[in-house]
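Chemist: First the structure, which I've put down as structure tokens, then a few questions once you've had a look.
The values are calculated or read from the model by the stated rules, or taken from the named source; none is laboratory data. Here the structure is a predicted model, which is why all the values come from computation and not from measurement. Reconstructed Cβ throughout: ideal geometry from the backbone, glycine too, with neighbour counts over all protein chains shown. All accessible areas refer to the heavy atoms of the entire protein, side chains included, with ligands and DNA or RNA removed. Shrake-Rupley method; radii C 1.70, N 1.55, O 1.52, S 1.80 Å.
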Amino acid sequence: MKPVFSRILYGGDYNPNQWPKEVWQEDMRIFKDARINSATINVFSWAKIQPSEETYNFSELDEIIDMLSRENYDIVLATSTAALPAWMAKRYPEVMRTDYEGLQHKFGGRHNACPHSPVFKGFAKKLAGELAKRYGDNSHIACWHISNEYGGECYCENCTRAFRIWLRKKYGTIEALNKAWNMEFWGHTVYDWDEIVLPNALSDGIGYDKTAFAGLSIDYCRFNSDSLLANFTMERDAIREYDKDTPITTNLMGTYKALDYFKWAKEMDIVSWDNYPSYNTPWSSTAMRHDLMRGLKNAPFMLMEQTPSQQNWQRYNSLKRPGQMRAQSYQTVAHGADTIQFFQLRRSVGGCEKFHGAVIAHVGTENTRVFREVKQLGEELEKLGNTMLGAVNQAEVGVIFDWDNYWALEYTSGPNVDITYVNTIHQYYQYFYKKNIAVDMIPVDADFSKYKLIVAPVLYMVKKGMKEALTRFVENGGILVTTYMSGIVDESDNVHLGGYPGPLRELAGVWVEEIDALAPEQKNRVMFTDGGEADCGLVCDLMHLEGAENLASYGKDFYAGMPAVTKNKFGNGAVYYVGTRLEEAGLCRVLTKIAEQAGVTPVIAEETELEVVCRETEDTKFYFVINFKDEQCRIPQCFVGEADLLTDKVIENGEMIPKYGVRLVSVKK
């Protein structure tokens, strides 16, 4: 794949405007020593570059861009629109958001603008255009960065009016809307578009994450995602009037719930995201989010932010242990990143992020552990050059991730409050991660024919066309895995009548009559027909076979003996249905059988506790071998005799990799 950049961007958020100018040259010296070659600037500078409604002042930004250009930096230039200047909130208070509780905010915070405020949109669009007109012909601008970490909601009157317009375009008639939302329930029928109100705490919201009318609330989620996306495309188009070619992005946040990133990615030139795992986040969870970000455009992505060591906003902000930042960075590159960027390059002197880690700490020198690790990584990335840029990750397994399902499943009132979308997806992803089987995270409208195995846990919402696409995939020889809470509702959260799993019933060859909910302290047991047992919990589907083969049955309660895991041959393929949350060993047993039937293979044949990931160019495979275990691990035999590209040392027989150790091996095809 043609790379977007000419080198691996290595740098991050830089705010020289927060410092006196005598510090700037010292920064340049220190950054050069670390092999930093890029800087993300102007992220929160709206108040500085537009001090009043009528005035722009680019003099300081000119100096910063001139300095970075002289130093041959790749500049990621932000538009500054993620936080409003105080004068705008003072003069036009309607630009401020109204929150879920119905309170209109005053000046302060971030993401503080109503996305439907004509005032905000007018000023933001003009600012983006002014920046592009002034700097768009600078060859050092490598990427435009619009706003910052889009998110949040607004429930003001502007948004209410916009929502009604959005709904009229979607449904056409008020009758169609009433039917879609099942407004006969509780006598909520509306007869005029002006009777529709947003689903917050003042109306049909039941706490922030529950609702009386899921159809309404899911549509609001779609609307809100579309609204913020329209802000992004507005600024993007303003830039494009002056700069036709430079890639444009905004930084996403992994599995952030509020925005449909598959839809957003279609409007972005390259995906970028901010990776901030906590002290106890499983490495498989981080890998899954990298794969999701790569999957948004099925292309390499940018790591826009990570911390060199410590975060500041989590409950427990542990230091990254020696070697951890380096290993985490190579995991990012392994899963598809063509940049490694930090927040931040110099630690702030004040504000709520003053304890957030940085390349240059408060001591102000390079004489720190963190700087030495940043420098080591910089030297290694510089040595690698552009050899891997644009390299792709190949996978035979696709795991479906869908924001409509995310919203709908977690709005559901029942059967079990502990059913969460991302955790369930991760449970299945984790199996393939531990087996070093490459995975693509894919949307519901992906080209399924690229894969041997499709995994679709909790496919709660089956929208138009999904049944047909999955049926074609299986008929043509594919293997599909789905689970409890699948095939339940349509895109408006109305139940598919005729028995669960609704449109998937014939495909799965089972009928689910009831769904039992198990509290955290409750367990059931599944008995495999070929021997062996495993615990299960959360929910238990009470299933009847309709052509499927029973692979495991429940071991107790009044439904003991009923099927818990099934397989249905369909066309040239098969569908596996897992009717309960199996504990890890039991799920591993099931998925191993499925992977064998599907013929999916690990990145390397040898079993290992190490994470092994492969990226490929036209003529070379690059294998990343990383140890995230607490003990040293033996390097797989297949790499013995190969040179480690990071050290130029030949890997020896029996060589051990310490915790956070990394090896990078290239093999010609």
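Chemist: With a 1.4 Å probe and all protein chains in place, put Arg372, Arg29 in order of accessible area, largest first.
Modeler: The ordering from most to least exposed comes out as Arg372, Arg29.
Chemist: In Å³ and rounded to a whole number, note down the convex hull volume per residue for the Cα atoms of the range 299-395. Before the final figure, lay out the partial values.
Modeler: Details: hull volume 10.7 nm³, N = 97.
Convex hull volume per residue, Cα atoms: 110 Å³.
Chemist: A further question on this structure: Using modelled amide H (1.01 Å from N, peptide plane; none on Pro or chain starts), what sits under 5 Å from the amide H of Phe570, excluding residues fewer than 5 places away?
Modeler: Val575
Chemist: Something else now. In the chain, what percentage of the DSSP-assigned beta bridges are antiparallel, given to the nearest 5? Write out the running numbers ahead of the final one.
Modeler: Working: 50 of 92 bridges.
For the chain, the DSSP antiparallel bridge percentage is about 55.
Chemist: For labels at Ala469 and Phe558 in the simple 7 Å Cα→Cβ model, what's the distance in nm?
Modeler: The modelled label-to-label distance comes out at 4.0 nm.
Chemist: While we're on this one: Quick one, can you get me the convex hull of the C-alpha atoms of the range 164-280 expressed as volume per residue in Å³?
Modeler: Details: hull volume 17.2 nm³, N = 117.
Hull volume normalised by residue count: 147 Å³.
Chemist: Next up: Cα-based Rg (one decimal) and Dmax (whole number) for the range 392-433, in Å?
Modeler: 12.7, 41
Chemist: Moving on. Largest first, how would Val417, Val422 line up by accessible area (1.4 Å probe)? Could the numbers behind the result be given before it?
Modeler: On the way: Val417 115, Val422 15 Å².
Sorted by accessible area, descending: Val417, Val422.
Chemist: Let me ask something else. If amide H atoms are built 1.01 Å from N in the plane of the peptide, which residues on other chains or at least 5 residues away come under 5 Å of the amide H of Arg634?
Modeler: Sorted by chain and number, the residues that satisfy this are Ile657.
Chemist: Here is a further query. Please give the per residue accessible area of the chain, computed with a probe of 1.4 Å over protein heavy atoms only, in Å². Mind dumping the intermediate values first?
Modeler: Values: 26970 Å² over 669 residues.
About 40 Å² of surface per residue is accessible.
Chemist: Given the options Thr580, Tyr660, Phe622, identify the residue whose Cα lies farthest towards the positive end of the charge dipole of the range 570-669 (+1 on Cβ of Lys, Arg; -1 on Cβ of Asp, Glu).
Modeler: Projecting each Cα onto the dipole axis, the largest value belongs to Thr580.
Chemist: Please report, in whole Å³, the volume per residue of the convex hull around the C-alpha atoms of the range 94-205. Walk me through the numbers on the way to the answer.
Modeler: Values: hull volume 16.0 nm³, N = 112.
So the per-residue Cα hull volume is 143 Å³.
Chemist: Counting only protein heavy atoms, what percent of the accessible surface of the chain is carbon or sulfur at a 1.4 Å probe? Please report the intermediate quantities before stating the final value.
Modeler: Numbers: 13330 of 26970 Å².
That fraction is 49 percent.
Chemist: Using DSSP H assignments, which helices in the chain have an axial alpha-carbon span of 30 Å or above and a mean Kyte-Doolittle hydropathy of -0.5 or higher?
Modeler: Working: long enough: 214-240 (38 Å, -0.13).
Helices passing the filter in the chain: 214-240.
Chemist: Report the charge-dipole magnitude of the chain in Debye, nearest 20, computed about the Cα centre from +1 at each Lys and Arg Cβ and -1 at each Asp and Glu Cβ. The partial results should precede the final answer.
Modeler: Values: 72 positive and 90 negative charges, 197 e Å.
In total the dipole reaches around 940 debye.
Chemist: What is the magnitude of the charge dipole of the range 135-252 about its Cα centre, with +1 placed on the Cβ of each Lys and Arg, -1 on the Cβ of each Asp and Glu, and no other charges, expressed in debye to the nearest 20?
Modeler: Working: 11 positive and 18 negative charges, 53 e Å.
For this selection, approximately 260 debye.
Chemist: Shifting gears a bit: For n ≥ 4 DSSP H runs only, could you compute -39500 (n - 2.57) per run for the chain, divide by its residues and tell me the 222 nm figure to the nearest 500? Walk me through the intermediate numbers first.
Modeler: Numbers: 17 runs with 201 residues, N = 669.
Counting only the DSSP helices, I get -9500 deg cm²/dmol.
Chemist: Please list, in order along the range 41-58, the HN-Hα scalar couplings obtained from phi with the Karplus expression 6.51 cos²θ - 1.76 cosθ + 1.60 (θ = phi - 60°), rounded to whole Hz, x for Gly and Pro.
Modeler: These are the phi-based 3J(HN,Hα) values: 10, 6, 5, 10, 10, 4, 4, 6, 8, 9, x, 8, 4, 9, 10, 10, 9, 9 Hz.
Chemist: Further question on the same structure: State the extension gain, in nm to one decimal, for the chain segment bounded by Thr365 and His544, taking 0.36 nm per residue of separation less the distance between their alpha-carbons.
Modeler: Working: separation 179, 0.36 × 179 = 64.44 nm, distance 6.84 nm.
Taking 0.36 nm per residue and subtracting the Cα distance, the gain is 57.6 nm.
Chemist: Taking the Cα atoms of the range 516-669, report the difference between the largest and smallest coordinate on each principal axis, in whole Å and largest first.
Modeler: The Cα atoms of the range 516-669 stretch 63, 40, 24 Å along their principal axes.
Chemist: How much accessible surface does Trp313 have with a 1.4 Å probe, in Å² rounded to 10?
Modeler: 140 Å²
Chemist: If packing is taken as the average number of other Cβ atoms within 10 Å across a peptide's residues, how do 230-236, 302-308, 578-584 rank, most packed first? Each step should come with its number before you reach the end.
Modeler: Numbers: 230-236: 19.1, 302-308: 25.4, 578-584: 22.7.
Result, highest mean first: 302-308, 578-584, 230-236.
Chemist: Can you tell me the dipole magnitude for the range 1-139 around its Cα centre, using point charges on the Cβ only (Lys, Arg +1; Asp, Glu -1), in Debye to the nearest 20? Don't jump to the answer; show the numbers that get you there.
Modeler: Details: 18 positive and 18 negative charges, 79 e Å.
I would put it at about 380 debye.
Chemist: Rounded if a/c is under 1.5, else prolate if a/b beats b/c, else oblate: with a ≥ b ≥ c from the C-alpha gyration tensor eigenvalues square-rooted, which is the range 338-429? Working shown, then result.
Modeler: Numbers: a/c = 3.80, a/b = 1.59, b/c = 2.40.
Here the range 338-429 falls in the oblate category.
Chemist: On alpha carbon coordinates alone, what is the Rg over Rh value for the chain, Rh being the Kirkwood radius?
Modeler: Checking Rg against Rh, the ratio lands at 0.98.
Chemist: Separate question: Name the long-range amide H neighbours of Met562: under 5 Å, sequence gap of 5 or more, or other chain; modelled H, no Pro or chain starts.
Modeler: Residues meeting the amide H criterion: Tyr554.
Chemist: Would you calculate the separation in nanometres between label points at Lys32 and Arg91, each defined as 7 Å from the Cα along the Cα-to-beta-carbon direction?
Modeler: Distance between the two pseudo-spin positions: 4.2 nm.
Chemist: Follow-up. Given 0.36 nm per residue, what is the gain on full extension from Asn653 to Thr529 after removing their alpha carbon distance, in nm?
Modeler: Values: separation 124, 0.36 × 124 = 44.64 nm, distance 4.21 nm.
This chain segment gains 40.4 nm when fully extended.
Chemist: Oh, and also: Lys/Arg Cβ at +1, Asp/Glu Cβ at -1, dipole of the chain taken about the Cα centre: which of Pro115, Gln310, Trp24 is farthest positive-ward?
Modeler: Of Pro115, Gln310, Trp24, it is Trp24.
Chemist: Quick check on the range 29-142: what are the equivalent-ellipsoid semi-axes from the Cα gyration tensor, as sqrt(5λ), descending, whole Å?
Modeler: Details: eigenvalues 194, 48, 26 Å².
That gives 31, 15, 11 Å for the three semi-axes.
Chemist: Further, regarding this structure: Pull out the extension gain between Lys434 and Asn57, defined as 0.36 nm times the separation in residues minus the alpha carbon to alpha carbon distance; nm, one decimal.
Modeler: On the way: separation 377, 0.36 × 377 = 135.72 nm, distance 5.32 nm.
Using 0.36 nm per residue and subtracting the Cα-Cα distance, I get 130.4 nm.
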